[in-house]
Amino acid sequence: MLAEFDLIRRYFTLSCNDARQSGVALGVGDDAALLTPQPEHQLVVSVDTSVADVHFPSDAPADAIGHRALAVALSDLAAMGATSRWCLMALTLDQARFADDSATEAWLTGYARGFSALSQRHATVLAGGDVTSGSLSIAVTVMGEVPSGKALTRSGAQPGHVIAVTGALGGGAGGLAAWQQGERDSSHPLLARYLWPIPRLEAGEALRELASAAIDISDGLLADLGHLREASGVGADLSVDALPLAEGLEDALGTDAARQAALTGGDDYELLVTLPSAHVEQAQLQLAALGVPLHVIGECRDALGIHGLPAQRYHGWQHFKGETP
C-alpha cells in the first residue's frame, strides 16, 4: 500500500485547466490551497459527507462511488445558481476490505477516474484534501461563484408562484431498490440514476434570473419542499398526477409505489424551484436548450402546509430520526 502522500500524488493531483485559468494560485501539495475568486462575485461553499452503506453501497463500482461523492456535493451549488470552481476531498479508506495492494490500487484507480471525469466535466479543480484510514467515507467540499447578490436561496418563494422540478423523480429510490434486488447492469435506467446522479449545474445557472427560490432534491420532494416552505413562509398545493416519474419506475414498482418514491424517496438531485408564472415559459425554453425538462407540479399558497396529497401518509428522510412526516 502506498504511503499517504504518495497516494495523493498518484491518484488525486487532478486538474481540469491551467492553474492561472482555474483560479488556483497554489493547489495540492501544500498545507492549504490559495484560490482567486472573480471580482464582484460571492463565494458559494458547501460540504457533503458520503458514508459507505448509508449513502452508497460499499460494493458499488469504484468509479460510481467517486462520481457520486462529487455529484451530490455539486448539486448544492446547482441549487444556488452557482458556477462550480474548486473542491476539496477527504477520503477515509477502509484497507480491511481489500485483499492486497493490487486490489487497493485498482479501487483507487477507478474511484479517481469517476471523481476526475465529473470534476473535468464541470471545470471543478481538486485543490486539496486529505487521505486517511478507517471506515470508508468521503467528505467533499465544493466551492463555486455567483455574481454578487444573484444567488438562489430557499427563502424567496411567494404565494402564487409556480412550483416546478427539473428532470424526473423517483429514480434514486428505484435504483436503490433495483440494487438491493441484485441488479448490477449499469445501463439499467433506474440503477444509473442512483449510482451516477447528474448535478444540474447548468440548469441552476439558467434559472438564476428567473426562479424566486430553489433547493436540490436529496431527501425526497416532500422533505425538501418542506425546507423551502419553512424558509419562505408559504404553503403549497401539489398535483400528484403532474409528478414526472423516472423512466421505468412505474413498471418496476407500480403506480402508487412509484409516486411515493417520487415524493419521498430522495437521491434524485433534481432542482425544486419556485418562480413567477410569467417566467415559466422562458425557464422551460432555456432548460430545454440544455436537454433538461422543467415540469410544473404545483403552486405556492398563503395557507401553510402541503395540500393536494392523497389521504395516505407520506414521509421524508432525516438523519438521526429516520423517516419523518
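Of note:
- Residue in segment 175-191 that is surrounded by 19 or more Cβ atoms within 10 Å (Cβ to Cβ), assigned by TED's automatic domain parsing to the domain that holds Ala236, touching a helix residue (DSSP H, G or I) at 6+ places or on another chain (Cβ under 9 Å) and of a type in the set (Lys, Arg) present: no
- Residues satisfying the stated conditions in segment 224-242, i.e. closer than 30 Å to His188 by Cβ and surrounded by fewer than 21 Cβ atoms within 10 Å (Cβ to Cβ): Leu238, Ser239, Val240, Asp241, Ala242
- Test for Asp219: is it under 22 Å from Asp48 (Cβ atoms) and touching a residue at least 60 places away in the same chain (Cβ under 8 Å): yes
Each row is one residue, and each column tells you yes or no for (1) touching a residue at least 12 places away in the same chain (Cβ under 8 Å); (2) under 24 Å from Ala223 (Cα atoms); (3) of a type in the set (Val, Ile, Thr); (4) in contact with a Pro (Cβ under 6 Å, 6 or more places away or on another chain).
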| position | (1), (2), (3), (4) |
| --- | --- |
| Gln120 | yes, no, no, no |
| Thr124 | yes, no, yes, no |
| Gly128 | yes, no, no, no |
| Ser137 | yes, no, no, no |
| Arg154 | yes, yes, no, no |
| Ile163 | yes, yes, yes, no |
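- Total residues in segment 205-225 satisfying the condition of being part of a helix (DSSP H, G or I) and farther than 16 Å from Gly156 by Cβ: the figure is 5.
- Among residues of segment 152-163, those that are outside any loop (DSSP other than H, G, I, E, B) and surrounded by fewer than 24 Cβ atoms within 10 Å (Cβ to Cβ), counted: 1
- Residues satisfying the stated conditions in segment 117-139, i.e. charged (D, E, K, R) and closer than 13 Å to Leu201 by Cα: Arg121
- Cβ pairs under 6 Å, 6+ apart, first in segment 233-258 and under 16 Å from Gly172 (Cα atoms), second assigned to a helix (DSSP H, G or I) and of a type in the set (Asp, Glu): Ala258/Glu250
- Scope segment 244-276; condition of a type in the set (A, V, I, L, M) and either farther than 21 Å from His188 by Cβ or assigned by TED's automatic domain parsing to the domain that holds Ala78 (or both); matching residues: Leu263, Leu271, Leu272, Val273, Leu275
- Once segment 280-315 is narrowed to residues that are in a loop (DSSP other than H, G, I, E, B), of a type in the set (A, V, I, L, M, F, W, C) and exposed (fewer than 12 other Cβ atoms within 10 Å of the Cβ), the residue that is modelled with the highest pLDDT is Ala289.
- Set Met89, Met80: member being modelled with pLDDT of 95 or more, under 17 Å from the mean Cα position of the chain (by Cα) and under 29 Å from Ala151 (Cα atoms): Met80
- Residues satisfying the stated conditions in segment 108-151, i.e. modelled with pLDDT of 95 or more and in a strand (DSSP E or B): Ser137, Ile138, Ala139, Val140, Thr141, Val142, Met143, Gly144, Glu145, Val146, Pro147
- Every pair of residues 6+ apart whose Cβ atoms lie under 7 Å, when the first sits in segment 94-109 and is more than 19 Å from Val51 (Cβ to Cβ) and polar (S, T, N, Q) while the second is at pLDDT below 80 and not in a helix (DSSP H, G or I): Thr104/Met1; Thr104/Phe98
- Pairing each residue of segment 71-91 that is farther than 15 Å from Ile138 by Cβ with any residue that is surrounded by 24 or more Cβ atoms within 10 Å (Cβ to Cβ) and modelled with pLDDT under 95, provided the two are 6+ apart or on different chains, yields C-beta distances under 8 Å for Ser84/Thr124; Arg85/Thr124; Arg85/Val125; Trp86/Thr124; Trp86/Val125; Trp86/Leu126; Trp86/Ala127.
Yes/no per residue for (1) modelled with pLDDT of 95 or more; (2) closer than 16 Å to Ala78 by Cα; (3) part of a loop (DSSP other than H, G, I, E, B):
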| position | (1), (2), (3) |
| --- | --- |
| Ala231 | yes, no, no |
| Asp268 | yes, yes, yes |
| Ala278 | yes, no, no |
| Trp317 | no, no, no |
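The values are calculated or read from the model by the stated rules, or taken from the named source; none is laboratory data. All of these numbers come straight from a predicted model, not from anything done at the bench. Using ideal geometry, Cβ is built from the backbone for each residue, glycine included, and neighbour counts are taken over all protein chains shown.
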